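Enquirer: There's a structure below that I have some questions on.
Every number in this text was worked out from the coordinates using simple rules, so none of it is lab data. As the structure is a prediction and not an experimental result, all values here were calculated from the model. Because the Cβ atoms are built from the backbone with ideal geometry, glycine has one as well, and the counts that use them run over all protein chains shown.
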Ligand SMILES: Nc1ncnc2c1ncn2[C@@H]1O[C@H](COP(=O)(O)OP(=O)(O)OP(=O)(O)O)[C@@H](O)[C@H]1O
Ligand SMILES: [Mg+2]
């Protein structure tokens, strides 16, 4: 590097002897350095408040604060510790050279000053200083890049995890949908044929009944049983057809509370007094767009399950109805819903609760743990909620009870 390549730089000369200062000025001025002069140690720190020089040339022997003390203070301060300090010592001051270097000085120059020596040492340290700066900048930019890349990697990792979880969720939904579709096709075929056979049984049963056999005769008793069983079978077929979505739906804007009350009234008649009903019904909720028969079936199936769960030991059936608003943050708890108003129905019992294994299967068609159950109740509930674009959540604790929470979009 020649003189012309050295950018403009500032050198601070610290010396209490004016003739030394003058001689240094003479040498350094020729090369276009900006010079600052401090006649004592205290002045050094005043000048540093205004601007930081690139190099400090420091005399050792000065009154009040000597060069060593100045150097110590410079090296203690984060702001100034990287400024190269070059001590100015006389030929005989060997001890001072060593002490200065031990204190962190970069170099020393010998008094009386030799122009070439002063220039060479100053230039060398100036270049080293520039290289240090470039190195620091390069290190900083590598650090920044590494931090940035790490952040990006963490972000894409997070995104990947989310996508994987979503993929798994969709896979599960698809599997469930395929299973339901297969069972639904099979069931609807059987239900249709069975319906035809039932019509024949009911028709002939009624024709036979029209013959008026005596009620207390064996034939009369059998006929009555046949007809009762045939009507029960017809109801079951009806359930099956609903499950397979084969029945006609008449969707209108309806309020849930009257249906809920109606179901609860009939519930009271069918279940023992040991079951207490606790209602928390908000009257002024919005409506839902649904077939009233669907909503009736939905609530009835859930209440019946709750009642059956408390048949043995009694307990409280808690029912709540309210309108809720799911904002963009809350809606994330329900992957299938969009932000908006929903009618929330809660049906809670104090029955025996369920194991996780059972909970995972309750919506499967024909899954039942009851001796006389069809296992269709909850799969119908699930179907209905699906067609209404709502959700159903189950919370069940073994020995404590079960709670179903439904959310249907308010219309
Ligand atoms: N509230 C509840 N408490 C405990 N277990 C329940 C509850 N609700 C449902 N279950 C379990 O889920 C199974 C499936 O219920 P689902 O209503 O589909 O059929 P089911 O009640 O067995 O038969 P059906 O509805 O025809 O009477 C039940 O057999 C029972 O094991
Ligand atoms: Mg049931």
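Enquirer: Taking 56 Å as R0, compute the FRET efficiency from the Cβ-Cβ separation of residue 97 and residue 158 and round it to 0.05.
Expert: Step by step, r from the Cβ atoms, then E = 0.45.
Enquirer: For a quick check: sort 242, 402, 368, 92 by the number of other beta carbons within 10 angstrom, fewest at the front.
Expert: So the ranking, lowest neighbour count to highest, is 92, 368, 242, 402.
Enquirer: Rounded, prolate or oblate: which fits the range 7-113 when a ≥ b ≥ c are the square roots of the eigenvalues of the alpha-carbon gyration tensor, with rounded for a/c under 1.5 and prolate only if a/b beats b/c?
Expert: rounded
Enquirer: What is the helix-to-structure angle for 67-76, meaning the angle in degrees between its Cα long axis and the longest Cα principal axis of the chain, kept from 0 to 90 and rounded to the nearest 10?
Expert: With rounding to tens, the tilt is 10 degrees.
Enquirer: Pull up the DSSP beta bridges for the range 250-409 and report the antiparallel fraction as a percent, rounded to 5.
Expert: Around 80 percent of the beta bridges assigned by DSSP in the range 250-409 are antiparallel ones.
Enquirer: What is the order of 288, 394, 237, fewest Cβ neighbours within 10 Å to most?
Expert: 394, 237, 288
Enquirer: To the nearest 10 degrees, how steep is helix 115-210 against the longest Cα principal axis of the chain, on a 0 to 90 scale?
Expert: Tilt of helix 115-210: around 0 degrees.
Enquirer: Testing the spin-label approximation: label points 7 Å from Cα along Cα→Cβ at residue 282 and residue 222. State their distance in nm.
Expert: 5.9 nm
Enquirer: Taking every DSSP beta bridge that has both residues in the chain, what percent is antiparallel when rounded to the nearest 5?
Expert: Within the chain, antiparallel bridges account for around 50 percent of the total.
Enquirer: While we're looking at this one, here's another question. Efficiency by 1/(1 + (r/R0)^6): what FRET value for residue 120 and residue 77, r their Cβ-Cβ distance, R0 = 25 Å, to the nearest 0.05?
Expert: 0.30
Enquirer: Would you mind ranking 244, 403, 222 so that the residue whose beta carbon has the fewest other beta carbons within 10 Å leads the list?
Expert: The order, fewest Cβ neighbours first, is 222, 403, 244.
Enquirer: If I take every Cα pair under 8 Å that is 6 or more residues apart in the range 7-113, average their sequence separation and divide by the length, what percent do I get for the relative contact order?
Expert: Over the range 7-113, the number comes to 25 percent.
Enquirer: Now for a different question. Debye calculation, C-alpha points only, no solvent: report log10 I(q)/I(0) for the range 53-127 at q = 0.11, 0.20, 0.28 Å⁻¹, in the same order as the q values.
Expert: -0.25, -0.83, -1.42
Enquirer: Using Cα atoms only, what is the angle between the long axis of helix 18-29 and the major principal axis of the chain, expressed in degrees (0 to 90) to the nearest 10?
Expert: Helix 18-29 sits roughly 60 degrees off the main axis of the chain.
Enquirer: Quick check on packing: order 136-146, 52-62 by the mean number of other C-beta atoms within 10 Å, highest mean leading.
Expert: Ranked by mean Cβ neighbours within 10 Å, highest first: 52-62, 136-146.
Enquirer: So how far apart, in nm, are the two label points at residue 269 and residue 34 if each is 7 Å from Cα heading toward Cβ?
Expert: For residue 269 paired with residue 34, the spin-label model returns 10.0 nm.
Enquirer: Treat each spin label as a single point 7 Å out from the Cα along the C-beta direction, and report the residue 171 to residue 369 distance in nm.
Expert: Result: 2.8 nm between the two label points.
Enquirer: Determine the relative contact order of the chain: mean sequence separation of Cα pairs under 8 Å and six or more apart, normalised by residue count, in whole percent.
Expert: Once divided by the residue count of the chain, the mean separation gives 9 percent.
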